[in-house]
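Have a look at the structure below, then the notes.
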Amino acid sequence: MSHRDAGMAAADLPLPTLLGDCRADAQEVSGSPIEDGRIDLEVDGIQPEVLPNLPLTYKLLETPKAAREWMKTMQVSRPEVVRATFASVPLQKLGTALRTGPSGRNSYHLSFLATYFDEFWSHSWQGNAWQKILLLLILQNGLPAIFTGHCGALLGFAVGAFDLWSGPTDLRVHSWALVLGAVFSFLTLTLWRSRKKVFFDQICIHQRDDLLKSEGILNMGAILRKSSTLLVLLDPTYVGRLWCTFEMAAWMKSHENSPGRFIVRPIIMGPISVTIFLFVLLGYGTAALLPDQVTSLWWPLFFLTLLLTVLTVHVLRGYHRSCCHVAEKLRSFKAQEAKCHCCSVGHMLDGRRLTCDRSLVFSCIRHWFGSVSNFDASVQTALRCNLQKQLGKYGLPYWWVIGMLSPCLWAELDFIAMDVRSESWQSLRARMMGLLAWYFGSYPNLYVCVFMLSWVLRQKRACFVADLCVSFGGALLFMLPCAFTWYSWSACKPFHEAGCAVFLAAMVLLALLIWSPSCTERAKHSKGPTDSIV
């Protein structure tokens, strides 16, 4: 979770210790004793707010036992402590809140009172910040980005088909659909402001005021109970953090008899998706820019494609290693082995004895699950089953792969526009079938090939040059299924509509066989990429 993993001194104090400092500070700020359970606190220049019913908070935080007993109930100590933020806020300014963590500037003023949460973002502060930022951008803005990208591509298709702007005459094709699709998609991905209400610890829990911070921790179970979705940003450090363990336990207990979504996403899915998207975009963009008459420039295009393929294989190999690391931790998950900051400093800070967080967390777990071992089994089952169900056998769901390959669709629309402009209707029908075959069949199938190949070559070499050579060899091997697919297309294409129909049927049928749930179900019992995740 948040502040405790970040290692900040104030955040790692036990709740009773924080409380003692808060009461003294509160009286000092107000200039008078606390009366009638109300006190005015001015926090970092924010408009002073009235905190009612503070005696209840003091009572609950006076002893570790009182705090433990309250957290077990998953009740809210007061409505004002339940705060949310919009999903777009933590991603603003290149994800400053995710990059700086609780040690950055206080962002509590960016939260607001809420009665429910669309998502609770559960993550480890030890995970790679940029990978989390990329993944969250895709999860929150990806669908709008693809939709606006398609709209931009249709606009570019109209420009090309009706010759609204001719452009250079020596190009093979005018890539209006590809360019506008990419621009619209990028602008939406980076500028879209999602209004989804989420709980993000660094913003929704005060990071400067000890009383508000303690109260936020005290109500964590209640906040999770009010969350309809738990989004786990999984990385190798996640299952080893104590407060991440608590978040999973509280959510699983609070939703055992009520509907709720448990979404698990490895954070490395972010860079994987961006890499493949850019690979396809640059490949098609470069091919379209080459003059039709200059065949000697196709060799540089081949080497550029090979270079991009090497990068893709290299990133996918890293994905498999990361998933293997996570899978190993899941299979041997034990909450007793989870790390917390208080234990790492020997339960001493500035000469004061710290109460171990484990007693609070494990007391709640035993109350909710009967024993810590029962919870261990539940975590292993829940995380592994959800990963397998949501990611499938090939690391990414089919619909996710289709989204990554959108530049293929946009580029093909430019060729279709060229046929419309020249009124080549027979060629147009054949090209339409080819578009469907490649976009929904051939390209997803080729992704499976490179994914499986990267799994076989996943082992990291000690020397960077040797490791890069392995990725280069994998890229060369990947050219074999690419060449076979292209040869099949070339053999069918001369037969025009009939040949393209055969190619379409073959590729879609193959995709159904590869991506069908029954194929994934059979894969559970075989050694392969699925084992790296589950």
Check: Mind checking which residues of region 172-195 are part of a loop (DSSP other than H, G, I, E, B) and not β-branched (V, I, T)?
Finding: R172, H174, S175, W192, R193, S194, R195
Notebook entry, point to check: Is it the case that some residue within region 365-385 is modelled with pLDDT of 80 or more, over 23 Å from R261 (Cα atoms), among the polar types (S, T, N, Q) and open to solvent by less than 60 Å² (accessible area, probe 1.4 Å)?
Noted result: yes
Notebook entry, point to check: (1) within 21 Å of E119 (Cβ to Cβ); (2) buried (at least 22 other Cβ atoms within 10 Å of the Cβ); (3) modelled with pLDDT of 85 or more: which one isn't true of I263, the others all being true?
Noted result: (2)
Check: Being open to solvent by less than 40 Å² (accessible area, probe 1.4 Å), of a type in the set (S, T, N, Q) and under 30 Å from R429 (Cβ atoms), is that true of even one residue in region 456-478?
Finding: no
Check: When you scan region 128-156, how many residues do you find that are open to solvent by 50 Å² or more (accessible area, probe 1.4 Å) and either more than 11 Å from the chain's Cα centre (by Cα) or over 25 Å from R265 (Cα atoms) (or both)?
Finding: 7
Item checked: So G441, is it in contact (Cβ under 8 Å) with a residue 24 or more places away in the chain and either open to solvent by less than 10 Å² (accessible area, probe 1.4 Å) or hydrophobic (A, V, I, L, M, F, W, C) (or both) -> yes
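Yes or no, residue by residue, for (1) modelled with pLDDT of 85 or more; (2) open to solvent by 30 Å² or more (accessible area, probe 1.4 Å); (3) under 30 Å from A377 (Cβ atoms):
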{"position": "L189", "(1), (2), (3)": "yes, yes, no"}
{"position": "F200", "(1), (2), (3)": "yes, no, yes"}
{"position": "K213", "(1), (2), (3)": "no, no, no"}
{"position": "L230", "(1), (2), (3)": "yes, no, yes"}
{"position": "V239", "(1), (2), (3)": "no, no, yes"}
{"position": "W243", "(1), (2), (3)": "no, no, yes"}
Notebook entry, point to check: Can we say S363 is within 30 Å of V239 (Cα to Cα), in a helix (DSSP H, G or I) and among the hydroxyl-bearing types (S, T, Y)?
Noted result: yes
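Among the residues of region 250-267, is any in contact with a Lys or Arg (Cβ under 6 Å, 6 or more places away or on another chain), assigned to a loop (DSSP other than H, G, I, E, B) and not acidic (D, E)?
As a first pass, look at region 250-267 and keep what is in contact with a Lys or Arg (Cβ under 6 Å, 6 or more places away or on another chain): 254, 267.
From what's left, assigned to a loop (DSSP other than H, G, I, E, B): 267.
Still in the list and also not acidic (D, E): 267.
Checked region 250-267: at least one residue is in contact with a Lys or Arg (Cβ under 6 Å, 6 or more places away or on another chain), assigned to a loop (DSSP other than H, G, I, E, B) and not acidic (D, E).
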Next item on the list: List the number of the failed condition for Q426; all other conditions in (1) under 22 Å from A182 (Cα atoms); (2) surrounded by fewer than 20 Cβ atoms within 10 Å (Cβ to Cβ) hold.
Entry: (1)
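The values are calculated or read from the model by the stated rules, or taken from the named source; none is laboratory data. Predicted, not measured: the structure shown is a model, and the values here were computed from it. Quick reminder, even Gly has a Cβ in these numbers, built from the backbone with ideal geometry, and neighbours come from all protein chains shown. In case anyone asks, the SASA skips ligands and DNA or RNA and just uses the protein heavy atoms, side chains included. Shrake-Rupley method; radii C 1.70, N 1.55, O 1.52, S 1.80 Å.
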